[in-house]
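**Student:** Handing you this structure, nothing more for now.
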Amino acid sequence: MKWNILGLRFDNLNMEEAVAAGEQLLDGDHPGVVVTPNAEIAYEACRDSAFRELLNSADLMLPDGSGVVLAAKILKKPLKSKVAGIDFATNMLSVFARRGTKLYLLGSKPGIAEAAAEKMKQKAPGLQICGTADGYFKDEAPVIEAINASGAEALFVCLGAPKQEKFMAAHAGELKTVRLMAGLGGSLDGFAGTVKRAPKWMIRLQLEWLYRLIKEPRRIGRMMRLPKYVILAWKARIKGGSKWES
Ligand code: UDP
């Protein structure tokens, strides 16, 4: 079931259900799109209706941060859990390995996707990675050609938001074999180990955002969108609704 949280229709699923929904997309007849907005991205979507529509056109929308989960709670539409994009991707790797699904990795700086591929194969023995490409291309046509030539059935698009969502929407019709594609931000850096995740205790205390802020203080401008987003949720609750919800 989809829940409208400040204009974005999130799927209310726990991790296990999200992975099952992801697997269902693999059996579909079109490239199913998965998006994973966090509070920063969801805040941008409140201010940009075209971006909001783009996100809402996805087949599956998973809440990638505790900010979204908190806003949903404030709006009295509690989501079952946060489903971080990188955790969803990690779980999907085992599904791909079991099914023999070919995965293509697109995004991040040169060399990162290859390093991520090695780590992924260790996590999910038998996983078939059919191609990799960095995310700093000028022309998109050769990228699409390479993905089609690889026979990829699953595609991780890690170009950051909103670039990755625009890329997926623009090219879905041209991808011949892809059945599942997911916009996963900086996840390839996470898999490759170039950007470390917060320690488990911080994740448990929902402080992953604080860890990222300490590691990358230049993100402060972007990260201020998180409290702004939560304030929007409170305002909507006090008013008994917002212009984005119906
Ligand atoms: N990136 C890319 N091509 C671009 C811009 C960014 O491949 O033109 C990559 C960048 O290297 C990083 C990811 O996209 O790996 C964005 O990471 P970030 O953590 O900023 O993404 P978020 O999930 O926060 O949107």
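The values are calculated or read from the model by the stated rules, or taken from the named source; none is laboratory data. Just so we're clear, the structure is a prediction, and the values are computed from it rather than from any experiment. Cβ coordinates were reconstructed from backbone atoms using ideal geometry, including for glycine residues, and neighbour counts include every protein chain displayed. Note: areas computed on protein heavy atoms with side chains; ligands, DNA, RNA excluded. Shrake-Rupley method; radii C 1.70, N 1.55, O 1.52, S 1.80 Å.
**Student:** With the checklist (1) more than 19 Å from the chain's Cα centre (by Cα); (2) modelled with pLDDT under 95 in hand, flag the one item residue 66 doesn't pass.
**Tutor:** Going through (1) more than 19 Å from the chain's Cα centre (by Cα); (2) modelled with pLDDT under 95 one by one, residue 66 breaks only (1).
**Student:** Hey, another quick one. If you go through the stretch 173-194, how many residues are part of a helix (DSSP H, G or I) and not hydroxyl-bearing (Ser, Thr, Tyr)?
**Tutor:** Our first condition is that a residue be part of a helix (DSSP H, G or I); within the stretch 173-194, this holds for 173-174, 187-192.
Keeping just the survivors that are not hydroxyl-bearing (Ser, Thr, Tyr) gives 173-174, 188-192.
Counting residues in the stretch 173-194 that are part of a helix (DSSP H, G or I) and not hydroxyl-bearing (Ser, Thr, Tyr) gives 7.
**Student:** Would you point out which residue out of 152, 170 is small (Gly, Ala, Ser), in a helix (DSSP H, G or I) and either away from the ligand (no atom under 14 Å from the Cβ) or over 18 Å from the mean Cα position of the chain (by Cα) (or both)? Please lay out each step first, then the result.
**Tutor:** On the way: 152 fails: in a helix (DSSP H, G or I).
One residue alone meets the criteria, 170.
**Student:** State the number of residues belonging to the stretch 155-165 that are assigned to a helix (DSSP H, G or I) and either among the hydrophobic types (A, V, I, L, M, F, W, C) or over 20 Å from residue 25 (Cβ atoms) (or both). Before the answer, list the steps.
**Tutor:** Initial filter on the stretch 155-165 (assigned to a helix (DSSP H, G or I)): 163-165.
Adding the requirement that they be either among the hydrophobic types (A, V, I, L, M, F, W, C) or over 20 Å from residue 25 (Cβ atoms) (or both) leaves 163.
Result for the stretch 155-165: 1.
**Student:** Next question, about the same structure. Test residue 145 against the criterion of being outside any loop (DSSP other than H, G, I, E, B), surrounded by fewer than 23 Cβ atoms within 10 Å (Cβ to Cβ) and more than 15 Å from the ligand (Cβ to nearest atom), and give yes or no.
**Tutor:** Values: outside any loop (DSSP other than H, G, I, E, B): yes; surrounded by fewer than 23 Cβ atoms within 10 Å (Cβ to Cβ): yes; more than 15 Å from the ligand (Cβ to nearest atom): yes.
Yes.
**Student:** Determine which member of the set 126, 135 is under 19 Å from the mean Cα position of the chain (by Cα), assigned to a loop (DSSP other than H, G, I, E, B) and modelled with pLDDT of 95 or more. Lay out the reasoning, then the answer.
**Tutor:** Details: 126 fails: under 19 Å from the mean Cα position of the chain (by Cα).
Selected residue: 135, the only one of 126, 135 that is under 19 Å from the mean Cα position of the chain (by Cα), assigned to a loop (DSSP other than H, G, I, E, B) and modelled with pLDDT of 95 or more.
**Student:** Tell me the residue from 18, 45 that is under 20 Å from residue 187 (Cα atoms), open to solvent by less than 10 Å² (accessible area, probe 1.4 Å) and of a type outside the set (Asp, Glu), please. Before you say what the answer is, go through the steps one by one.
**Tutor:** Values: 45 fails: under 20 Å from residue 187 (Cα atoms).
The match here is 18.
**Student:** So, one more: With the stretch 1-51 as the region, which strands (runs of 3 or more DSSP E) entirely inside it contain at least 2 residues that are under 15 Å from the mean Cα position of the chain (by Cα) and more than 13 Å from residue 72 (Cα to Cα)?
**Tutor:** Values: elements: 2-5, 8-11, 32-35.
Here the list reads 32-35.
**Student:** While we're looking at this one, here's another question. Only one of these conditions is not met by residue 68: (1) touching a Phe, Trp or Tyr at 6+ places or on another chain (Cβ under 6 Å); (2) open to solvent by less than 30 Å² (accessible area, probe 1.4 Å); (3) not in a loop (DSSP other than H, G, I, E, B). Which number is it?
**Tutor:** For residue 68, the failing item is (1).
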